[in-house]
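Okay, structure first, notes after.
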Amino acid sequence: MIRVVLLVGLLAAGGFGGWSQARAADKPNVVFIVADDLGLECVQAYGGLSYRTPNLDKLAATGMRFTHCFSNPLCSPSRGELLTGRYPLHNGIPRVIYDFKNHREFLDPQKEVTFAKLLKQNGYATAIAGKWQLSFLHERDTIRDHGFDEYQCWQIFYEGDKTSRYANPTMRENGKVRHKMVGRYGPDENLAFLIDFIKRHRDQPFCVYYTCLLPHYPWEPTPDSGVPLKPAADGAGNKDRYFPDMVAYLDKQVGQMVAALDEMGLRENTLVLFVGDNGTDQRIISKWTDGQVTRNVHGGKGSMTDAGTRVPLIANWPGVIEPGRVTDQLVDFSDLLPTIVEVTGSGASPNPINGISFLPTLRGQPMTGRSWVHIQDHDKRQVRNRDYIYNTHHRLRPVVEIGQKRAKAYNSELTPEQAAARDQLKAALQTAADFKGPR
């Protein structure tokens, strides 16, 4: 029987319950779901109070929830790191690719190796749907070159105009443009595409990468909002009235994916990973609690704070990951590629990667994890441990909980503890820059 790994953020093969040598010998399938602009304060399982997320909560309750997973503050650098296991200063994507007239960066398939390419070389069928934004598809359609057999991704520009991702979307599907799909809803098209792919490849190992368009701006009605679907007029999409509907629809799609796996008899053999690509839009204010204190949390997308970079990561695999587990292990996005590669028994990347596999954690086994995470936006970089942040401006500041005002950097003489933290993190920042191989 073929094993399926469903990645909702991140999940791995493990030693819980009925783990056996027969199971370990199988190739697990992987479904990896990435939400667009969803901070952890938006998910009930993480203390969110403003939105209903029953399907994500169930995945967390029956799987593993990571409380200290860190992204970059914006989408393209985060997605490049997820795919390659390499920090932005190494993979060539240090900033968002959004201005097609001036920005010429793209994730170069001649230089970078993705987890899709590594799994494909190991006999996996691979597919992606949703948001790409690692090249402009109207001028550089590189998705297949990065190891994806099939794809359906939003094409941001068509004949010089920006397109819609939600109502009447424009998608590039396996090299062909489907322009203004009237009466269609982009996320529905993407999910249906991937479920069809799974049905057609259910008898072989597969990797499905769902880079969901939701709940990114513009905030438009969903099919469940009870109003006609239409692209937002200029400026009209900045009202957050429909943001809760979009979070709910994202959650609903997670449930639909899991239900499809159930119907096909694949759920028991599926690793599901779910993750947010960065913090919530700064215009969104959500209620969040740590169990003791309730705060209003302003979205932190684009900022180097925890609100901009600390994101939900859920891993779920029935019979492998023990239900209800919570870990505060430090994880950053470079760790996903080596974990997926180890879970599937695929070959290692030929490039030096920054990530560390956390498969032992998924199996409930002890491991020596990372002592710091790396975060980057343009040429600004910082490293963070549990207590302190150190950046390229040589400033040390204490970590604060999301929803709290950013702490000021220390300006006076440091205590011995602070000085030791500064020295450790300063060395880590240089280690990340100089990295040439396994650490």
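The values are calculated or read from the model by the stated rules, or taken from the named source; none is laboratory data. Since this is a predicted model, take the numbers as computed values, not measurements. All Cβ positions, glycine included, derive from the backbone under ideal geometry; neighbour counts span all protein chains shown.
Numbers below:
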{"read-out": "Residue within the range 263-270 that is among the basic types (Lys, Arg) and closer than 30 Å to Lys380 by Cα present", "value": "no"}
{"read-out": "Total residues in the range 145-195, condition in a helix (DSSP H, G or I), in contact (Cβ under 8 Å) with a residue 24 or more places away in the chain and not β-branched (Val, Ile, Thr)", "value": "10"}
{"read-out": "Options Ala427, Ala407, Ala419; residue that is outside the structural domain of Tyr87 (by TED's automatic domain parsing), in a loop (DSSP other than H, G, I, E, B), exposed (fewer than 15 other Cβ atoms within 10 Å of the Cβ) and not aromatic (Phe, Trp, Tyr)", "value": "Ala407"}
{"read-out": "The range 120-137 residues that are not assigned by TED's automatic domain parsing to the domain that holds Lys199, paired with ones that are of a type in the set (A, V, I, L, M) (beta carbon under 9 Å, 6 or more apart)", "value": "none"}
{"read-out": "Some residue of the range 119-127 being in a strand (DSSP E or B) and either modelled with pLDDT under 95 or of a type outside the set (A, V, I, L, M) (or both)", "value": "yes"}
{"read-out": "Wholly within the range 263-370, strands (runs of 3 or more DSSP E) carrying at least 1 residues that are closer than 23 Å to Leu74 by Cβ and touching a residue at least 24 places away in the same chain (Cβ under 8 Å)", "value": "270-276, 285-289, 294-298, 310-316"}
{"read-out": "Out of Val311, Val258, sole residue that is β-branched (Val, Ile, Thr) and in contact with a strand residue (DSSP E or B) (Cβ under 6 Å, 6 or more places away or on another chain)", "value": "Val311"}
{"read-out": "Residue match in the range 216-231 (condition: over 26 Å from Tyr51 (Cα atoms) and in the same structural domain as Asp277 (by TED's automatic domain parsing))", "value": "no"}
{"read-out": "Val341 vs. criteria touching a Phe, Trp or Tyr at 6+ places or on another chain (Cβ under 8 Å) and within 17 Å of Cys69 (Cβ to Cβ)", "value": "no"}
{"read-out": "Residue check for Arg95: in a loop (DSSP other than H, G, I, E, B) and either among the basic types (Lys, Arg) or crowded, with 24+ Cβ neighbours inside 10 Å (or both)", "value": "yes"}
{"read-out": "Boolean, Ala35 is in the same structural domain as Lys287 (by TED's automatic domain parsing), in contact (Cβ under 8 Å) with a residue 24 or more places away in the chain and over 14 Å from the mean Cα position of the chain (by Cα)", "value": "no"}
{"read-out": "Some residue of the range 74-90 being in a loop (DSSP other than H, G, I, E, B) and surrounded by fewer than 23 Cβ atoms within 10 Å (Cβ to Cβ)", "value": "no"}
